[in-house]
Structure formats: structure tokens, C-alpha cells
Amino acid sequence: MKQTLRVIELFRSIQGESTWAGMPCAFIRLAGCNLSCSYCDTRYALEEPGREMSLDEAFGSIEALTTRLVCITGGEPLLQAATPALAGRLLASGHTVLVETNGTLDISTLPSGTVRVMDVKCPGSGECGKMMMSNLEVLGAQDEVKFVLCDRRDFDWAAGFVVDHHLLSRCHVLFSPAVGRPQSRPSVAQEDSVTPRRLAEWILESGLDLRLQLPLHKMLWPEKSRGA
């Protein structure tokens, strides 16, 4: 059976997140998601059907962007059965491949060598507790776990999760402030709402080797809602 993908957009930009931030990167954003986070800034990937592309067509389009680093994102890319095959083909052709996933589906389906960038959803996302916990056992040293934080409650929850599951000995751990929504619940005191500076201070106070992640692409192109 011919493998196909539903693609929302293909573009070349600067990687704005992960430990690869700042690098030129080719992005393929796939359609569909099984979550609806409160701060989602790519809701169009959930709402639009995307364009159907064969695996060959998608691979060729990425190759044409002439960038060694490739990010397969969404939506939730693991909802599409051909995603592992695309990652494998890109790896075989010499690309470094990042796959951004919400952790609700089995990440072990991705081929060896893929950099898995997995979100763990905090309470403020509205989707906390939906990840596949067995994915934590699959993570390796090159993989990354990201926590998007809406307020101090999220920070404390995430820091506890990191310690309880020994994530710092498994993989890279990134803490990022939420964007795309008011950055605290109405009942949260102003001093507990998240800002980049406050998040930096909380990380320093925690004594944990967490990486502060700011969305570089949004800082560079705040006017762009797509293709950045």
C-alpha cells in the first residue's frame, strides 16, 4: 500500500525550540492532533485537513529545502502511520531528524537515531495525565522532554515530575513559558504567573539542571502565525 501523509505546511526556518535552537531547519508540519492544549499556537493543524502527499513527495520536498536538520511536527505527527517511515528515510539520507510529540502515542515506533522531543503536559495545559508513561522508559540521552508552563503551580508540578522520574539522568529537560494564552489562571497571584525572567529565577532556585527554553522563532518573527 502506498504510504501517504497529510501535510499542513513545509518550510525552512530557524529552529526556535529544543537544544537545536538557532540552527537552520526544515519543518514538515503534519495534520491532526488528539489533544487541545489551552495555549496551543498551531490550532490550524488540528482544524485543517492538510494536503495529502506521498512519502516520496514529502521526502523530495524536504530535500529541496537543502537543510541537514529536519523537524517533523504537528499537530501530533505519530497519529500518521507513515511518520516513522519518513523519519527513517531522512535519517538514511544523512539528516538529523527531530520528531515533536505530545507523548500520548508509542515513541518506540520511531527509528533508532531519531531525536524524540516529547512534551509532558502540565496542569495548566488542560491535558495533564494523558501521556503514555511507558514512553519515559524509551527515552535516551539524545532525546528531550519539554514542559510548557503557565504558572508557578505548573513549575512545581513539573519539577516534581522531573525528580520523581529521574529525567535528568535520562535525557535533556527543557522548561518553557506558555505563549498564546494568558499565562496564568484567573485565581493565580500575579507573582506566580510565568514570565521568562521569573522562570529563570525559579530554575535557579530549584537547584536542578533544567534548561530554560524561550521560543526563539516567536521572538524573531512575532507577526507570523505560520511558517516560522
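Quick note: the coordinates plus some simple rules give every number you see, no bench work behind them. Note that the structure is predicted; figures quoted are calculated from it, not measured. So basically every Cβ, Gly included, is an ideal-geometry build from the backbone, and we count neighbours across all protein chains shown.
General remarks:
- Qualifying residue in the range 37-52 (condition: closer than 14 Å to Leu10 by Cα and in contact with a helix residue (DSSP H, G or I) (Cβ under 8 Å, 6 or more places away or on another chain)): no
- Arg51 fulfils the conditions (1) under 20 Å from Ala178 (Cβ atoms); (2) among the basic types (Lys, Arg); (3) over 16 Å from the mean Cα position of the chain (by Cα) except for a single criterion, (1).
- Whichever residue in the range 100-153 is of a type in the set (Lys, Arg) and within 24 Å of Ala26 (Cα to Cα) and, among such residues, is surrounded by the most Cβ atoms within 10 Å (Cβ to Cβ): Arg116
- You will find that of Ser18, Ser13, the residue that is part of a strand (DSSP E or B), touching a residue at least 60 places away in the same chain (Cβ under 8 Å) and crowded, with 18+ Cβ neighbours inside 10 Å is Ser13 and no other.
- Scanning the range 28-50 for residues that are under 15 Å from Gly227 (Cβ atoms), out of contact with any Gly (no Cβ under 8 Å at 6 or more places or on another chain) and either crowded, with 20+ Cβ neighbours inside 10 Å or hydrophobic (A, V, I, L, M, F, W, C) (or both) yields a single hit, Ile28.
- Count of residues meeting criterion [part of a loop (DSSP other than H, G, I, E, B) and of a type outside the set (S, T, N, Q)] in the range 208-228: 12
- Residues in the range 118-145 that are closer than 11 Å to Arg170 by Cβ and charged (D, E, K, R) were compared, and the one that is farthest from the chain's Cα centre (by Cα) is Glu137.
- Tally, over the range 194-208, of residues that are free of Cβ contacts under 8 Å to residues at least 24 places away in the same chain, closer than 17 Å to Val163 by Cβ and within 22 Å of the chain's Cα centre (by Cα): 0
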